[in-house]
Amino acid sequence: MKEKHLLKRLPALIGALVLAAGLFAGCSGRGGGKEVSVDLGQAAGDILKAGGYTEELIELDEGALPASYPKLEMDKVEKYTCRVSGSMATPEEISIFVAKTEDDVASIRAAVDRRVEDQTFNFKDYRPEEMPKLENAVILERGRYVFYAACANPDDVRKVIEGF
């Protein structure tokens, strides 16, 4: 008798599991299946306004980028903007990378993570008062985009990026 009762509920259980799996997939942090399209200059400007930056940021060109991002494989990057502290006296930075494919996002993220590790090593003894900008750095993936911001107002920057 219990077996018949379970068999009647099996389709409902399977449906609930499929629905739950779909909900979790939609909250994966990679844009939820929605294609993200961002104007890099506008996005960097919005992040700059929200971030409480104290330094003038300068744009790194492709020739200077490898020194800051030694693990970045440029053949996986479609386009980017990378703005760093002009004086190099702070770790303040805004970088946005667009991967060529979804599969390339992980490689770019690893390069950004390495950048934060390198900057942490550079600033921990040199300017320890700047460490909160690295400890609370915003690193977010949205579709094929990887956003990185080291700044004084990470919560405000996170809100801006999540709005893209």
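The values are calculated or read from the model by the stated rules, or taken from the named source; none is laboratory data. Since the model is a prediction, treat every value here as computed from it, not as a measurement. Don't worry about glycine lacking a Cβ; one is built from the backbone with ideal geometry, like all the others, and counts go over all protein chains shown.
Filter region 49-69 for residues that are of a type in the set (A, V, I, L, M, F, W, C) and without any contact (Cβ under 8 Å) to a residue 12 or more places away in the chain; which is nearest to Q119 (Cα to Cα)?
Among residues in region 49-69 that are of a type in the set (A, V, I, L, M, F, W, C) and without any contact (Cβ under 8 Å) to a residue 12 or more places away in the chain, the one nearest to Q119 (Cα to Cα) is A67.
Against the conditions (1) closer than 21 Å to V160 by Cβ; (2) modelled with pLDDT of 60 or more; (3) among the small types (G, A, S), where does S28 fall short? Just the number, please.
(2)
Hey, does region 97-110 have a residue that's farther than 25 Å from D39 by Cβ, at pLDDT 95 or above and among the polar types (S, T, N, Q)?
No: zero hits.
Scan G163, G143 and give me the residue that is within 14 Å of the chain's Cα centre (by Cα) and over 23 Å from K71 (Cβ atoms).
G163
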